[in-house]
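Accompanying notes for the structure given below.
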Amino acid sequence: MNTKQIKNICCIGAGYVGGPTMAVIADRCPDIQINIVDINKDRIEAWNNIDISKLPVYEPGLDKIIKRCRNKNLHFSNNIKKHIENADMIFISVNTPTKISGVGAGQAVDLKWVESSARQISKYARNETIIVEKSTLPVKTAETIKKILLADSEEIIKDNKMVRKYSVLSNPEFLAEGSAIKDLENPDRVLIGGESDEAINSLKEIYLNWVSAKKIITTSLWSSELSKLIANAFLAQRISSINSVSAICEETGADVKEVALAVGADKRIGNHFLNAGPGFGGSCFKKDILNLVYICNHYGLYEVASYWQKVIEINNWQQKRISRLIVEKLFGTLSGKKISILGFSFKANTNDTRESPSIKICKELLEEGANVAIYDPRVSRKQIENDLERNEVPNSNNSNEEGNWSFSNSISDSAINSDAILILTEWDEFTKINWNNISNIMRKPSWIFDTRSIANLEEAKRYGLNTWRIGNEFK
Ligand code: NAD
Ligand code: UGA
């Protein structure tokens, strides 16, 4: 079988996927030169920052790899033309958000960044090039990419034959944020979809440097593109399922942690992804399911579309019921009360806040007149300001003021004089809070709402705090 040996990779998009994915390939394949390019100058500058703590993406283990590979075989640049020209394999790892206007708004994927990448490739690529879809895309997007690429491309001579200049592969990414490096170094599977065996093998050879052959699945382009959407839909469905169960538990006196343990012990069900919480966040679950719903409707599969739509509805409902419950427990009004928010990222070990449940929940608390003091070990003040779409009003502990938010530098800074603590992200430091100290600095009666089931509520209760945990009203 022919295999083209890859020497130069260009990755378009230096984001949460492009950065870590290419870093791991560079680390495992020292003979391949990798250039990650982006239209965003600040992002590239941050990736090139000598101060390794200033990388634009926080992922455990990423800094060490960047130190090892940067400026050796891993480079970050805004010179898109040059690096496309030199590449024999190009990954498209750009953003694919939900469309906000026009046909399919609110559901379909906005493919403008993918299309502009394809046009850049069509304009600058000189070699016989393998194009790899790394972004999550609607099924059949490879068709569009091929049309753009082939519209302008001549055939080139290879082994005395005229061949097409491009092959398109689908190689979706399954990493989860916070564990990206572990997931990339030891993936459950690598999926490659394509039409050309030669192109598939060239990509497979790269992964074989650290992934065993039995974990590499090859399929058609369409199965690969669709599998990525379905994997995310199944994961999100599990979370909505357990979150719906958390509400039943709260009504009936059952405990969702015990139910998850008992149910997950069945090998056919499995015990992963059964943690009830404030609803799933992150940039992908919602947009990928919305896209799946759009595709189903497009093909007239209305019942299937409404089945998947419910996963999102339960997620919205779960987020909403948390703010409602807090109002209810705090005597029906939050006006001028201080709420300490612990955690703003959508999950632990990442600085990413996209679709974080904290955003919606904080906005609702602010609308109810609460003053919220937000502490997150990795999310910046500026990011919170952008997400809440309002300026910070520091030190708004004064109950004459209402509906303000402030940034806190520590748990106690956030908790001081507060009426309630609301844990929204499962950061490790929130599992070790000294409730004796905290109860002394809060206003009485004080509450703790634990949406992640991580705090030691028995201890908190001993120090006089009222407690609530998701899926189990702690009695
Ligand atoms: P991101 O927004 O962090 O990064 C995308 C980058 O692409 C941005 O920096 C943007 O400036 C750049 N870009 C856009 N158009 C460009 C162009 N024409 N030329 C050069 N640069 C361009 O997005 P992300 O989180 O890395 O996600 C990328 C894709 O991967 C999405 O399709 C997403 O669904 C998928 N995905 C994401 C994750 C995740 O955990 N974030 C996991 C698996 C798959
Ligand atoms: C998810 C998938 O896990 C990845 O496989 C996929 O590649 C990625 O989406 C993507 O396509 O973007 P990610 O969103 O980074 O990864 O993180 P997850 O660990 O899946 O968590 C998503 C959300 O679900 C978080 O808000 C998390 O707190 C929540 N969650 C997760 C729960 O509430 N309960 C759980 O048991 C698990």
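A few points about this structure:
- Relative pair counts by distance (%), Cα atoms of segment 1-121, 10 Å bins: 13, 42, 30, 13, 2
- 0 to 90° range, to nearest 10: angle between helix 302-329 axis and the chain longest Cα axis: 30 degrees
- Degrees separating the helix 357-367 axis from the principal Cα axis of the chain, which is the longest one: 40 degrees
- Given their separation in residues at 0.36 nm each and the Cα-Cα distance between them, Ile100 and Val393 gain 102.4 nm when the chain is fully extended.
- Rh (Kirkwood; distinct C-alpha pairs) - segment 341-470, Å: 14.6 Å
- Taking the C-alpha atoms only, the angle from helix 141-151 to the longest principal axis of the chain is near 40 degrees.
- From the largest down, the chain spans 83, 51, 43 angstrom on the principal axes of its Cα atoms.
- With the simple spin-label model, which puts each label point 7 Å out from Cα in the Cβ direction, the Glu198 to Lys54 separation comes to 4.6 nm.
- Within segment 329-402, the GluC sites (Glu not before Pro) that combine a DSSP coil assignment with at most 11 other C-beta atoms in a 10 angstrom radius are Glu389.
- Shown here is the pair-distance distribution of segment 158-228: with all Cα-Cα distances grouped in 5 Å bins from zero up to the longest one, the shares run 3, 16, 23, 22, 17, 9, 5, 2, 1, 0 percent.
- Between segment 179-251 and segment 396-466, the alpha-carbon centres lie 38 Å apart.
We did not get these values from a lab; they are worked out from the coordinates using the rules stated. Note that the structure is a prediction, hence the values are computed from the model and not measured. So basically every Cβ, Gly included, is an ideal-geometry build from the backbone, and we count neighbours across all protein chains shown.
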